[in-house]
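Report on one structure; see the data block that follows.
We did not get these values from a lab; they are worked out from the coordinates using the rules stated. Source: prediction; values computed, not measured. Here Cβ is always computed from backbone atoms with ideal geometry, including for glycine, and neighbour counts include all displayed protein chains.
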Amino acid sequence: MSVDLIFKIAAIGILVSVLNQVLVRSGREEMAMMTTLAGLVIVLLMVINLISDLFASVKDVFNLQ
Amino acid sequence: MSMADVFKMAGVGIVGAVLAVMLRKERPDLALLVSVATGVILFVWLLLEIRPVMRALEGIAGSMEGSADFFSVALKVTGIALIAQFAAQVCKDAGEEAIAQKIELGGKVIMLGMTVPLLLNMVQLILQFLPQS
């Protein structure tokens, strides 16, 4: 369980919000929307992997399976 | 669970919270994901710590002839409660109280379903002691 995952997610979040601002200012709203979605999908995938690890370890500890 | 771990956990939690708050204004969805990730990391960490304790308790319960299956049901119910509580708390953080209630209700129903057979054979156990009128 790597703690740096939190920093990665936060970094992606900050990057996406900055990129969003830049793109909106330069007039390309749809590009901003695309980068926001891309960032969200990446972060969601990482979190879903994390949650599947959590469920696996809960199953293991409480032998739910 | 050494002493230093509690400081690590506190540190990770605080950093996660600060990052989540930092993201909240611009990207509330990513902020939620940061807090969920922090929660999951801390949760997995303490699960790894508690694993040997659970195995030891299981060993002790196994040695007593009657209580092995009682303890395994208790263990399962605890696991279900933990997961339901975790999911409900994430939904509450996201502001979705209704979904959180449904998850908790679902957890309770599952737990009830698991404990009913236990209740039955406990009642039979008690009836054996009572003098047959």
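Tell me what chain A gives for mean residue ellipticity at 222 nm when only DSSP H runs of n ≥ 4 count, each as -39,500 (n - 2.57), the sum divided by the residue total, rounded to 500 deg cm²/dmol.
Working: 2 runs with 55 residues, N = 65.
Computed ellipticity for chain A at 222 nm equals -30500 deg cm²/dmol.
Using 7 Å Cα-to-Cβ label points, what is the residue B:56/residue B:5 separation (nm, one decimal)? That separation, rounded to one decimal, is 1.2 nm.
Output the peptides B:121-131, B:15-25, B:61-71, B:93-103 sorted from most to least packed, where packing is the average of other Cβ atoms within 10 Å over each peptide's residues.
Values: B:121-131: 8.5, B:15-25: 17.1, B:61-71: 11.8, B:93-103: 14.3.
Result, highest mean Cβ count within 10 Å first: B:15-25, B:93-103, B:61-71, B:121-131.
Rounded to the nearest 10 degrees, the angle from helix A:29-61 to the longest Cα principal axis of chain A is 10 degrees. Using 30 Å as the Cα-Cα cut-off, could you pick out the over-long pairs in A:8/B:102; B:25/B:102; A:59/B:102; A:8/B:8; B:8/B:92; A:8/B:76? Pairs exceeding the cut-off: A:8/B:102; A:8/B:76.
Relative to its residue count, region B:64-122 spans a Cα convex hull of 54 Å³ per residue.
Any idea what the relative contact order of chain B is, in percent, if you count C-alpha pairs under 8 Å spaced at least 6 apart? Write out the running numbers ahead of the final one.
Working: 64 pairs, mean separation 20.4, N = 133.
Reported relative contact order: 15 percent.
Between helix A:4-25 and chain A there is an angle of about 20 degrees, using the helix long axis and the longest principal axis of the Cα atoms.
Ranked highest first by the average count of other Cβ atoms within 10 Å around their residues, in what order do B:47-54, A:7-14, B:3-10 fall? Don't skip to the answer; put the middle values down first.
Working: B:47-54: 14.2, A:7-14: 19.8, B:3-10: 10.8.
Most protected by this proxy first, the peptides run A:7-14, B:47-54, B:3-10.
Over all directions, what mean area does the Cα convex hull of region B:1-50 project, stated in square nanometres?
Taking a quarter of the hull surface, the average projection is 3.0 nm².
So what are the protein assembly as shown's ellipsoid semi-axes, whole angstrom, largest first, if each one is the square root of 5 times an eigenvalue of the alpha-carbon gyration tensor? Walk me through the intermediate numbers first.
Values: eigenvalues 399, 76, 28 Å².
Three semi-axes, in Å: 45, 20, 12.
Can you list, largest first and rounded to whole Å, the semi-axes you get for chain A by taking the square root of 5 times each eigenvalue of its Cα gyration tensor? Can you show the working numbers first?
Values: eigenvalues 240, 27, 4 Å².
They are 35, 12, 5 Å, listed largest first.
Using a ≥ b ≥ c from the Cα gyration tensor of chain B (square roots of the eigenvalues), is it rounded, prolate or oblate, where a/c under 1.5 gives rounded and otherwise the larger of a/b and b/c decides, a/b for prolate? Oblate, since a/c reaches 1.5 and b/c is not below a/b.
Note on A:51-59: average number of Cβ atoms from other chains within 10 Å of each residue's Cβ is 5.
Taken residue by residue and averaged, Cβ atoms of other chains lying within 10 Å of the Cβ of B:12-23 number 3.
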